[in-house]
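To start, the structure under review is shown below, and the notes come after it.
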Amino acid sequence: MTLAAASGVWQVLSSCRAPLMLRHLSSSAAAAAAATTKRTEGTTRILTANDYAELIEPESQRRCLEKMRSLPAFPRPKTLTPSRREKQTSAVLILLCQEQGTHEISLLYTRRSRHLRSHSFQISFPGGRRDEQDASYADCALRETEEEVGLPRHRIEVWGESCQLHLPRTSSIVPVVGMVRDFSISELRLNWEEVEEAFSVPLNDLMVPKVARHTQFRSGYSGPVFVVDHHRIWGITGYLTHIFLHSLLPGHLLPECLKTNIKYVRPFKLPPRPPHHRESQSDPSMRT
């Protein structure tokens, strides 16, 4: 899954099998950030060039990893039965991209290929199952990233590994945090068998109230969702994005829309009508 240049214009890279698309979703807040650090009251804080510099300092990296390594266990809904996949382990790379020319920081996402048997077309971070030859989870994440999007491991500065997250109905996941400097989306080379497209989303765009949302699952829990343009980042990827932003951003930069904790609201069910009521029912507005 890939999307084009800093201007937001689509680029199509030729392939012997099919066109591959790369895109950087240009931040709508970038121009405003140069003139002001805050919008009008009630809206979100805009990250400035100084904020970006602060986020990638060694002390900020240490604080981010410390929070990522002390995450609470994911509350498993009682209605979900264990799955065989939960015995497997995987690693994903949460990659901060320092954009070429602007130094704006974005997160890299991919859309899974249509050829995959599970979760095809869904948005995810680069990564995959850990193999025996992987020396660590970081090694697994770097290998998978290079296989999927063609970004060489020597380009990536690894900050460190998070704690292992045990999530329902899928393999346990270890998020690996890394950074690539002087990044251009056009340098990626996608593996069509694994990735449909790739795109980077500026941190500013993930902090806008209309983007940060929640969804409710029937199995009994709610999860964060980020809707940027026509991209819907949800499920495990939405959850990882949410906890990473909470770990990366210090309190004075964390927007109100990311502080909201939406609890699961159990659907209201009407009791069944007695048989005699159904038979005598005549009001059309009462029909089911």
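Whose amide H sits under 5 Å from the amide H of V174, counting only residues 5 or more places off or on another chain, with H placed in the peptide plane?
S90, A91, V92, L165
Sort 55-65, 235-245 for me by packing, meaning the mean count of neighbouring Cβ atoms within 10 Å per residue, highest on top. Can you show the working numbers first?
Working: 55-65: 15.1, 235-245: 20.6.
Descending packing order for the listed peptides: 235-245, 55-65.
For the stretch 156-223, which whole-number percentage of the solvent-accessible area (1.4 Å probe, protein heavy atoms only) is attributable to carbon and sulfur atoms? Present the calculation step by step, with values, prior to reporting the outcome.
Numbers: 1060 of 2460 Å².
On the stretch 156-223, the fraction of accessible area on carbon and sulfur atoms equals 43 percent.
Taking the simple approach of a point 7 Å from Cα along Cα-to-Cβ for both R232 and R181, what is their distance in nm?
3.9 nm
Rounded to whole Hz and in sequence order, give me ³J(HN,Hα) for the stretch 157-168 from the Karplus expression 6.51 cos²θ - 1.76 cosθ + 1.60, θ = phi - 60°, writing x for Gly and Pro.
Going residue by residue, I get 8, 7, 7, x, 9, 7, 6, 7, 9, 9, 10, x Hz, with x marking Gly and Pro.
The values are calculated or read from the model by the stated rules, or taken from the named source; none is laboratory data. Being a predicted model, the structure only gives us computed values, none of them experimental. When we count neighbours, we look across all protein chains shown, and the Cβ atoms used for this are built from the backbone with ideal geometry, even at glycine. We work out accessible area using only protein heavy atoms, side chains counted, and drop any ligands, DNA or RNA first. Shrake-Rupley method; radii C 1.70, N 1.55, O 1.52, S 1.80 Å.
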